[in-house]
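Take a look at the structure below.
The values are calculated or read from the model by the stated rules, or taken from the named source; none is laboratory data. These figures come from a predicted structure and were not determined experimentally. Glycine gets a Cβ as well: all are built from the backbone with ideal geometry, and neighbour counts include every protein chain shown. Note: accessible area is taken over every heavy atom of the protein model, side chains too, but ligands, DNA and RNA are not part of it. Shrake-Rupley method; radii C 1.70, N 1.55, O 1.52, S 1.80 Å.
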Amino acid sequence: MPAKIAVGGFQHETNTFAPHLAHYEDFVKPDGWPALTQGEDLFSAMAGLNIPLAGFIEAARQSGHQLHPMLWCSAEPSSFVTCDAFERICELFCASLRAAGDLDAVYLDLHGAMVVEHFEDGEGELLRRVRQIIGPDLPLLVSLDLHANVTEAMVEYTTAITIFRTYPHLDMATTGTRACELLNVALAGEKVVGGMRKIPFLFPLTSQCTDFEPCKSIYRTIEQLTSTSILSADFATGFPPADIKECGAAMLVYGTDLSAVDRVLGELYQKVLNAELSFANELLSADQAVQQAMKNTSSKPVVLADAQDNPGAGGTSDTTGLLEALINNHARGAVLAI
């Protein structure tokens, strides 16, 4: 049945150890992603992009739903989002939501690792305010980054959550599509139930790539889940540079039967626990990396890369450690790109 759905997004990946704050102006200007966009312009800004909101919009339109565009914005990963930026953007969201009139559902494209100067859980606080406006029963679907620190508040205030399943992130739009599929189940009158289990250890971004073990096997198991009572399962690997109380990985499962959800959740949780030692990996110092690269006998180049999710995982990317190592080891034929 066609429904009226409010849609929007608010993205930031916060490294609480980084030196530079995320100000309102950082969300307004375009960077690798579109600038802060409101209203009908949202649809043209999202068209053709590999972003969860873009995938949701396309799937929702194919389902015949009417969409009410709120806003979408993002800022480059950095340190805390300022109080001013968070409050101004939240108010834009809430004002648009109040102006939408009668709604059947809400969908939000969030990151899941946003830390604000005055809130450890930025997404949880935004969702709390949204839920205050729409009431306790209206379906509220959310998509999150694979590196989300999923909190109890995020789960409490949402009907269901979908999360990227690839790192590097190739399935962002697909994650939005999956959210729409879950929403369609809720709109059809099915009771969607879910659960979360937090993983009791942290592991670095450098061991979270889904092309390698142990994540490769974990996500393969998730992809191969087939059950009439299980609608969705996801594994958020967490973002350790966000130093908050609820930092860490989590397993989420949604379905139509709570006992089946609990059973699958327990099985997936145990699979991650069993892989704990496999998440440990060896990182080379800049000197060690340069020395190993200099032993290369192939005609092909060796690339020494920052193996975080982005340069410095929200850091400044202006350090000279690798340059120093190249000079100290008398490396020849080397090119440094920043």
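Based on the mean of other beta carbon atoms within 10 Å per residue, what is the order of 295-301, 47-53, most packed first?
Working: 295-301: 6.9, 47-53: 18.7.
The peptides rank, most packed first, as 47-53, 295-301.
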TODO: Can you pull the one-decimal nm distance between simple spin-label points at Leu49 and Arg263, each 7 Å off the Cα toward Cβ?
DONE: 4.2 nm
Open item on the list: How large is the convex hull of the C-alpha atoms of segment 72-139 per residue, in Å³?
Closed with: 88 Å³
Task: Phi-based couplings in Hz for segment 110-120 (Karplus 6.51, -1.76, 1.60; Gly and Pro marked x) - done: 10, 9, x, 9, 8, 10, 9, 3, 10, 9, 5
- [ ] Using 0.36 nm per residue of separation minus the Cα-Cα distance, give me the extension gain between Ala35 and Ile327 in nm, one decimal.
- [x] 101.2 nm
- [ ] Could you pull out every one of the lysines with an alpha carbon less than 25 Å from that of Lys198, ignoring same-chain neighbours closer than 8 positions?
- [x] Lys216, Lys245, Lys271
Task: Equivalent ellipsoid, segment 128-281 (semi-axes from 5 times Cα gyration tensor eigenvalues, Å) - done: 25, 17, 14
Task: Among beta bridges that DSSP assigns inside the chain, antiparallel share in %, nearest 5 - done: 40 percent
- [ ] Would you tell me the accessible area of Arg197, worked out with a 1.4 angstrom probe on the heavy atoms of the protein chains, in Å² to the nearest 10?
- [x] 90 Å²
- [ ] In Å and from the alpha-carbon atoms only, list the Rg and Dmax of the chain.
- [x] 20.9, 68
Open item on the list: If you average 1/r across every pair of different Cα atoms in segment 124-216 and take the reciprocal, what Kirkwood value do you get, in Å?
Closed with: 14.7 Å
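Less than 15 Å Cβ to Cβ from Leu183, Lys/Arg counted +1 and Asp/Glu -1: what total charge do the surrounding residues give? Write down the numbers at each step before the final one.
Details: positive: Lys4, Arg61, Arg178, Lys191; negative: Glu58, Asp104, Asp109, Asp137, Glu181, Glu190.
Its environment carries a net charge of -2.
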Open item on the list: If you count only protein heavy atoms and use a 1.4 Å probe, how large is the accessible surface of Lys4, to the nearest 10 Å²?
Closed with: 50 Å²
TODO: Can you tell me the alpha carbon radius of gyration of segment 1-154 divided by the globular rule-of-thumb value 2.2 N^0.38 Å?
DONE: 0.98
- [ ] Could you check how much of the accessible area of segment 1-119 is carbon and sulfur, as a whole percent, using a 1.4 Å probe?
- [x] 53 percent
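Could you work out the helix-only [θ] at 222 nm for the chain, with each DSSP H run of four or more residues adding -39,500 (n - 2.57) and the total divided by the number of residues, to the nearest 500 deg cm²/dmol?
On the way: 11 runs with 117 residues, N = 338.
Here the helix-only value at 222 nm equals -10500 deg cm²/dmol.
Roll a 1.4 Å probe over the protein chains and send me the accessible area per residue for segment 85-150 in Å².
31 Å²
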